[in-house]
């Protein structure tokens with residue numbers, strides 16, 4: 001990632017701390033006070049640079065939507081994903097925990113999901129594991145047999161991806177679970193698997 005100026009780093013560090021503590025982003029006025037500024041222009045300039053450099057993002061036209069894309073303490077854990085029957089949706093808006101994966105080839109935008117269920121057990125992914133996912137910009141680029149986080153009408157699930165014409169098959173890695181089939185337009189590929197984290201020392 002591009003390095004920050006001293007002023008940009010000061011605002012970024014303050015934003016990270018504020019959002020961690022409050023679970024929402026601050027107002028421009030709060031940022032002005034924190035940085036000791038009397039005009040919103042320098043704040044907006046720093047925010048624009050932080051966004052261009054890939055440190056933050058926000059929803060245009062909406063207040064208090066600034067989010068940290070990735071900081072030095074790991075990837076965001078966005079919730080849970082079903083590795084079983086589809087009945088649990090991932091919570092992409094939740095960013096209340098981070099997984100420290102220092103030293104691994106994690107890219108900006110990668111995120112983690114905690115697995116629940118055992119449908120991917122033969123792929124060495126078990127209940128309670130963390131899967132590291134990478135967002136998919138072009139669903140057509142997803143290769144056959146890739147393990148994906150797929151949103152379907154009933155929720156989001158972790159499965160092998162296969163396409164058969166206009167039908168998408170979500171295939172488990174456990175013979176005790178069925179292959180699920182959906183029309184392609186009912187399947188949203190939210191991410192592809194890039195790693196698995198298991199804490200062997202967890203109580």
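Below is a table of values for the structure above.
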quantity: Candidate set from segment 15-27 (those that are surrounded by 14 or more Cβ atoms within 10 Å (Cβ to Cβ) and assigned to a helix (DSSP H, G or I)); member that is modelled with the lowest pLDDT; calculated: 20
quantity: Residue within segment 141-163 that is out of contact with any strand residue (DSSP E or B) (no Cβ under 9 Å at 6 or more places or on another chain), outside any loop (DSSP other than H, G, I, E, B) and either surrounded by fewer than 17 Cβ atoms within 10 Å (Cβ to Cβ) or without any contact (Cβ under 8 Å) to a residue 40 or more places away in the chain (or both) present; calculated: yes
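Conditions (1) within 20 Å of residue 24 (Cα to Cα); (2) at pLDDT below 70; (3) surrounded by fewer than 17 Cβ atoms within 10 Å (Cβ to Cβ), marked per residue:
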position: 65; (1), (2), (3): yes, no, yes
position: 70; (1), (2), (3): yes, yes, no
position: 77; (1), (2), (3): yes, no, no
position: 86; (1), (2), (3): no, yes, no
position: 105; (1), (2), (3): no, yes, yes
position: 109; (1), (2), (3): yes, no, yes
position: 123; (1), (2), (3): no, no, no
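The values are calculated or read from the model by the stated rules, or taken from the named source; none is laboratory data. A quick note: this is a predicted structure, and the numbers were derived from the prediction, not measured. Here Cβ is always computed from backbone atoms with ideal geometry, including for glycine, and neighbour counts include all displayed protein chains.
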